[in-house]
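The values are calculated or read from the model by the stated rules, or taken from the named source; none is laboratory data. As the structure is a computational prediction, the values presented were derived from the model and not from experiment. So basically every Cβ, Gly included, is an ideal-geometry build from the backbone, and we count neighbours across all protein chains shown.
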């Protein structure tokens, strides 16, 4: 019999950052993104990746997200918090859209992901990233954004609900990581028609 333990999701509730902006990811951000993402791979269940990325793999990932399915990063312009990225900027997190499915009829639907530096959580970084990602998706002509979130990740669920995503389904025990069976909840945001 497998016991299902509740995975821990680190969160810090800090003072919101007042001076922060987003921009498109650059190749020189690879180390910063790796430093934000890899602890989640190794220590948590928020991503279903099982092996930490190498610098080369992170650079290849960035190359794949420089055009149609972009990645944006949050840059801290207020204090010293953040991982060092391009031009010495302090990166607080990143958000990305990826293809939802391979078949052509799905081209206007994308899957989104948001990752925030642990020390920056609770300071508005995730919301800034997700809202700017939604605006970029609208401008790029995407119609629907899908978030597939491990069911125990209440922080990500709350973030997506706050930004207008609606729960559309639950996949039971579709992932296995750290000896746990994991559910995935699926949230959807439909881009409003422009008038």
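General observations
- Taken residue by residue, region 138-151 has at least one member that is under 17 Å from residue 47 (Cα atoms), surrounded by 16 or more Cβ atoms within 10 Å (Cβ to Cβ) and modelled with pLDDT under 95.
- Only one of the numbered conditions (1) out of contact with any strand residue (DSSP E or B) (no Cβ under 6 Å at 6 or more places or on another chain); (2) buried (at least 16 other Cβ atoms within 10 Å of the Cβ) is violated by residue 193, and that is (2).
- Flag if residue 149 is in contact with a strand residue (DSSP E or B) (Cβ under 8 Å, 6 or more places away or on another chain) and not in a strand (DSSP E or B): no
- Scope region 1-41; condition at pLDDT 70 or above, within 19 Å of residue 122 (Cα to Cα) and not in a helix (DSSP H, G or I); matching residues: 16, 17, 18, 19, 20, 21, 22
- Residue check for residue 137: under 13 Å from residue 70 (Cα atoms) and in a helix (DSSP H, G or I): yes
- Odd one out for residue 135, checked against (1) within 22 Å of residue 19 (Cα to Cα); (2) in contact (Cβ under 8 Å) with a residue 12 or more places away in the chain: (2)
- Comparison of 129, 92 shows that the only residue that is more than 17 Å from residue 70 (Cβ to Cβ), modelled with pLDDT of 95 or more and in contact with a strand residue (DSSP E or B) (Cβ under 6 Å, 6 or more places away or on another chain) is 92.
- Of the residues in region 161-173, none is within 28 Å of residue 108 (Cβ to Cβ), in contact (Cβ under 8 Å) with a residue 40 or more places away in the chain and within 19 Å of the chain's Cα centre (by Cα).
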